[in-house]
Amino acid sequence: MLKFLYGLTDRVLGGGKVTVEEASHLMEITKQRDIVSLISFANIIREEFKGHVIDLCAIINAKSGRCSEDCAFCSQSAHYITDIERYPLVSEEKIVESAKEASNIGANRFGIVVSGENIKDPLELKSICTAIEDMPSRVAIGRCASLGTLTRETALDLKKAGLERYHHNLETSESFFPKICTTHSYQERVNTIKIAKEEGFRVCCGGIFGLGETPEQRLEFAFTLKELGVDSIPLNFLNPIPGTPLENAPPIPPMEILKIIAVFRFIHPTKDIRVCGGRQRNLRGIQPLMYLAGANATMIGNYLTTPGSNPKEDLQLIEDLMLVPKYRAD
């Protein structure tokens, strides 16, 4: 195994690629010592291409609940009875103030997230664009949005307003997607990624693990992201929400999570690997190892409908590993 890892790492460091068969071999690792070796080599790749800087983002749940889609993991779906707060789009001022708060806790990027398939109301889109336009004069932070599926016209409006990055998760592989969502197609998500890239946005696109997918489907998903050429890959790990179809889904073991992160780093050596939702619940005491497994980014503050860690603790965790939060590296 060590010989295999040495050879594969040397190739990746030299600009080479990992094949599906080689990635499958990595995903089949089960022994603790081999997983430790794998994450050690993934750490070398992270350091080579991303250095010691950890990219930090934060979000606002700008419109919550009442979503028409039936994604099996989502507490905001109108198809399920869940204990979350539901409200319409918040004000432009609230969005900008939240961006300032995100900057104050250490985030270098801020995302506006809304529930629903997409933005259908022109007044809502105008309000979001106004908030995006206002941010630079009031806070120095990267501007990102996650507004569902995109049309070309909406993408142009967001670009004109100054949006820099668009987030839209594929969630899982195409072969598994029908098991978790029936109200829209996988191709609709892919089309949104393509539109965002064609209109000049940097694209943040990842998914959720622990939905019942197989290791093969995890790799299918990883290589789809590679084909699409996304810039940032958020890896989320299911935090089961009571009332959703996946409320009793078994958790992924922490060492398996570290293996997934490491394999994604081998497949995507130059991209941002951003560990987000479910990291606290699923990694528990070994959460700091996500960086040593290859992650170079995370989300701080709260998530959409669940609380996150204390941002000060997240920043301390990064510095304890001799890494540097991006806002301190600039």
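The values are calculated or read from the model by the stated rules, or taken from the named source; none is laboratory data. None of the values given here were measured: they were computed from a predicted structure. In this analysis, Cβ positions are derived from the backbone assuming ideal geometry, glycine residues included, and neighbour counts consider all displayed protein chains.
Observations, loosely collected:
So that you can scan it fast, the table gives a plain yes or no per residue for (1) at pLDDT 95 or above; (2) outside any loop (DSSP other than H, G, I, E, B); (3) buried (at least 17 other Cβ atoms within 10 Å of the Cβ):
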{"residue": "Ile59", "(1), (2), (3)": "no, yes, yes"}
{"residue": "Phe73", "(1), (2), (3)": "no, no, yes"}
{"residue": "Glu85", "(1), (2), (3)": "no, no, no"}
{"residue": "Glu101", "(1), (2), (3)": "no, yes, no"}
{"residue": "Asn118", "(1), (2), (3)": "no, no, no"}
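- Residue check for Ile257: buried (at least 22 other Cβ atoms within 10 Å of the Cβ), among the aliphatic types (A, V, I, L, M) and more than 22 Å from Asp10 (Cα to Cα): yes
- Pairs where the first residue, in segment 191-217, is at pLDDT 95 or above and in a helix (DSSP H, G or I) and the second is buried (at least 20 other Cβ atoms within 10 Å of the Cβ) and hydroxyl-bearing (Ser, Thr, Tyr), C-beta under 7 Å, 6+ apart: Ala196/Tyr166; Gln217/Thr172; Gln217/Ser173
- Of the residues making up segment 43-93, those that are free of Cβ contacts under 8 Å to residues at least 60 places away in the same chain and either in contact with a Ser or Thr (Cβ under 7 Å, 6 or more places away or on another chain) or among the hydroxyl-bearing types (Ser, Thr, Tyr) (or both) are Ile44, Ile60, Gly65, Arg66, Cys67, Ala78, Arg86, Tyr87, Leu89, Ser91, Glu92.
- Residue selected from segment 47-57 under the condition assigned to a helix (DSSP H, G or I) and touching a Pro at 6+ places or on another chain (Cβ under 8 Å), by the criterion surrounded by the most Cβ atoms within 10 Å (Cβ to Cβ): Phe49
- Residues that are surrounded by fewer than 17 Cβ atoms within 10 Å (Cβ to Cβ) and either of a type in the set (A, V, I, L, M) or part of a strand (DSSP E or B) (or both), drawn from segment 20-35: Val20
- Conditions (1) surrounded by fewer than 21 Cβ atoms within 10 Å (Cβ to Cβ); (2) over 19 Å from the mean Cα position of the chain (by Cα): number failed by Val190: (2)
- Residue-level analysis places Phe237 outside the set of residues that are surrounded by fewer than 20 Cβ atoms within 10 Å (Cβ to Cβ) and among the aromatic types (Phe, Trp, Tyr).
- Criterion (β-branched (Val, Ile, Thr), more than 22 Å from the chain's Cα centre (by Cα) and at pLDDT below 90) met by exactly one of Ile81, Ile29, Ile35: Ile81
- When residues of segment 128-146 are limited to those that are touching a Lys or Arg at 6+ places or on another chain (Cβ under 9 Å) and assigned to a loop (DSSP other than H, G, I, E, B), the one farthest from His184 (Cα to Cα): Val139
- The residues on offer are Leu150, Leu125, Leu156, and the sole one that is crowded, with 21+ Cβ neighbours inside 10 Å and not in a strand (DSSP E or B) is Leu150.
- Residues located in segment 120-137, provided they are farther than 11 Å from Ala161 by Cβ and among the charged types (D, E, K, R): Lys120, Asp121, Glu124
- Filtering Lys17, Lys3 for residues that are loosely packed, with under 14 Cβ neighbours inside 10 Å, on the phi < 0 side of the Ramachandran plot and not in a helix (DSSP H, G or I) leaves a single hit, Lys17.
- Residue selected from segment 160-171 under the condition within 21 Å of the chain's Cα centre (by Cα) and of a type in the set (D, E, K, R), by the criterion farthest from Ser115 (Cα to Cα): Glu164
Condition check ((1) in contact with a helix residue (DSSP H, G or I) (Cβ under 6 Å, 6 or more places away or on another chain); (2) hydroxyl-bearing (Ser, Thr, Tyr)) across all residues:
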| site | (1), (2) |
| --- | --- |
| Leu147 | no, no |
| Lys159 | no, no |
| Phe176 | yes, no |
| Thr182 | no, yes |
| Tyr186 | yes, yes |
| Val190 | no, no |
| Ile195 | yes, no |
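- Residue count for segment 137-159, restricted to those that are under 16 Å from Asn118 (Cβ atoms) and in contact with a Leu (Cβ under 7 Å, 6 or more places away or on another chain): 3
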